[in-house]
Amino acid sequence: MSVTARFAHRFRFLALLQASLVVGAVYDLIFAVFMIVAPGLPTRILRLPLPGEAFYLWLMAVLLGMLACLYLLAAHDPRRYSGIIVVAIAGRLCGALALAVAGIAEPRLLPGIAVLAVCDFALGLAPALFWLPLRR
């Protein structure tokens, strides 16, 4: 492979990595906004119960907002914020596993929770697939 082709290949992975991080940020921000502005909407769509106290929903929304901002930082400068990328990949994959286990343990939640598990898995797998070739 020529040097030019090698760099073009790396830049393609870098662009895909950045795009996957931005998609993760948008996903988290949308959920954060819905948790505060219209908490019943995702509940109805995913058929998942709301937590007993609105405080917990607001706290989760704040954490998702912070996570989205970290994703955007990493998307802006993946080399500088590579630690965030590692944590994001591991966190999304662990989140997918936790959601899958919760869905298996509580089958009535399965349809909605399966959607979230698949989204978390995809948002963990995509950056991993695009970031790992850049590490070589």
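Structure values in brief
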| item | result |
| --- | --- |
| Evaluation of residue 36 against (1) under 16 Å from the mean Cα position of the chain (by Cα); (2) of a type in the set (Val, Ile, Thr); (3) within 18 Å of residue 63 (Cβ to Cβ) (one fails), failing number | (1) |
| In segment 83-101, residue surrounded by the most Cβ atoms within 10 Å (Cβ to Cβ) [restricted to those that are of a type outside the set (A, V, I, L, M, F, W, C) and touching a residue at least 12 places away in the same chain (Cβ under 8 Å)] | 92 |
| Of the criteria (1) modelled with pLDDT of 85 or more; (2) not in a helix (DSSP H, G or I); (3) not basic (Lys, Arg), which one residue 1 fails | (1) |
| Flag if residue 20 is modelled with pLDDT of 90 or more and over 23 Å from residue 117 (Cβ atoms) | no |
| Residue check, residue 42 surrounded by 11 or more Cβ atoms within 10 Å (Cβ to Cβ), touching a Phe, Trp or Tyr at 6+ places or on another chain (Cβ under 7 Å) and modelled with pLDDT under 95 | yes |
| Segment 43-87: number of residues that are assigned to a loop (DSSP other than H, G, I, E, B) and over 16 Å from residue 126 (Cβ atoms) | 11 |
| Test result for residue 47, surrounded by fewer than 17 Cβ atoms within 10 Å (Cβ to Cβ), at pLDDT below 95 and at positive phi | yes |
| Positions within segment 8-48 being within 24 Å of residue 111 (Cα to Cα) and in contact (Cβ under 8 Å) with a residue 40 or more places away in the chain, in sequence order | 23, 24, 25, 26, 27, 28, 45, 46, 47, 48 |
| Looking only at segment 102-136, and only at residues there that are within 15 Å of residue 74 (Cβ to Cβ) and modelled with pLDDT of 90 or more, the one that is surrounded by the most Cβ atoms within 10 Å (Cβ to Cβ) | 127 |
| For residue 55: the one exception among (1) loosely packed, with under 14 Cβ neighbours inside 10 Å; (2) modelled with pLDDT of 95 or more | (2) |
| Selection within segment 23-34 - surrounded by 16 or more Cβ atoms within 10 Å (Cβ to Cβ) and either modelled with pLDDT under 90 or under 20 Å from residue 124 (Cβ atoms) (or both) | 23, 24, 25, 27, 28, 29, 31, 32 |
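The values are calculated or read from the model by the stated rules, or taken from the named source; none is laboratory data. Source: prediction; values computed, not measured. Heads up, the Cβs are rebuilt from the backbone with ideal geometry, glycines too, and the neighbour counts pull from every protein chain shown.
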